[in-house]
1. Is it true that some residue in the stretch 25-37 is in a loop (DSSP other than H, G, I, E, B) and polar (S, T, N, Q)?
2. Of everything in the stretch 58-93 that's assigned to a helix (DSSP H, G or I), touching a residue at least 60 places away in the same chain (Cβ under 8 Å) and open to solvent by 40 Å² or more (accessible area, probe 1.4 Å), which residue is nearest to Gly19 (Cα to Cα)?
3. Can we say Glu2 is at pLDDT below 90, farther than 20 Å from Ile113 by Cβ and among the acidic types (Asp, Glu)?
4. Name every residue in the stretch 18-56 that is open to solvent by less than 40 Å² (accessible area, probe 1.4 Å) and among the hydroxyl-bearing types (Ser, Thr, Tyr), in order of residue number.
5. Just to verify a result, which residue in the stretch 99-141, among those that are of a type in the set (A, V, I, L, M, F, W, C), more than 22 Å from Arg85 (Cα to Cα) and free of Cβ contacts under 8 Å to residues at least 60 places away in the same chain, is least open to solvent (accessible area, probe 1.4 Å)?
6. For the stretch 138-152, name all the residues that are modelled with pLDDT of 70 or more and either closer than 13 Å to Lys56 by Cα or of a type in the set (Val, Ile, Thr) (or both).
Amino acid sequence: MESFNGKAMPAGCLFDLDGLLLDTEPLHGQAWAEAVGQFGGSASSELLLRLRGRNKFDNASGLIEALQLPVSVEELLAVQQPLARAKVRQAQAMPGAEWLVQRLQSAAVPIAIATSSGREAVEIKLASHRWLQSIAVRVHGDDPEIQQGKPARSEEHTSELQSRQYLVCR
């Protein structure tokens, strides 16, 4: 078996997308800040950091509650989603991400993306990143099988994947 940095090549690799492969987190934060601003709110940097890795419905609900905004989840998302879509189209790759994915692919290591982002959002984010488009196995935050998204991941499942020599990148 080929080695990876002096260790055995993993049996597979499961990647998060936002903030690991693509630098989208600051862009999402900007979109949330602009959206709540349109309803008279102001989100602190600390509050915006707590949104990372969660789905848009949980984020909208959390912001409305934290900032006591006079708006529904649907109304906030109607403003935030177009802002986010426009911003994430320009997301850059995280340093070293493209090299790592290409290295694993050249070694025929199975790769998958597991993200809290919905299918439509993932397609927008990947549109300008050919190196990610070849990753066919994807779990999206809006997949019907997903009962509870992040941060509810099970450490037991993570440990099980790692014990089977899967590299879990989050």
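1. Of all residues in the stretch 25-37, those in a loop (DSSP other than H, G, I, E, B) come to none.
No - not one qualifying residue is present in the stretch 25-37.
2. Pass one, the stretch 58-93, residues assigned to a helix (DSSP H, G or I): 58-67, 73-88.
Adding the requirement that they be touching a residue at least 60 places away in the same chain (Cβ under 8 Å) leaves 58, 87-88.
Subsequent filtering for residues that are open to solvent by 40 Å² or more (accessible area, probe 1.4 Å) retains 58, 87.
Numbers: Asp58: 18, Lys87: 14 Å.
Residue satisfying both the conditions and the ranking: Lys87.
3. Details: at pLDDT below 90: yes; farther than 20 Å from Ile113 by Cβ: yes; among the acidic types (Asp, Glu): yes.
Yes: the conditions hold for Glu2.
4. Correct list: Thr24 only.
5. Leu100
6. To start, the set of residues in the stretch 138-152 that are modelled with pLDDT of 70 or more comprises 138-146.
Val139, His140, Gly141, Asp142, Ile146, listed by residue number.
The values are calculated or read from the model by the stated rules, or taken from the named source; none is laboratory data. Here the structure is a predicted model, which is why all the values come from computation and not from measurement. We place every Cβ from the backbone using ideal geometry, glycine too, and count neighbours over all the protein chains shown. All accessible areas refer to the heavy atoms of the entire protein, side chains included, with ligands and DNA or RNA removed. Shrake-Rupley method; radii C 1.70, N 1.55, O 1.52, S 1.80 Å.
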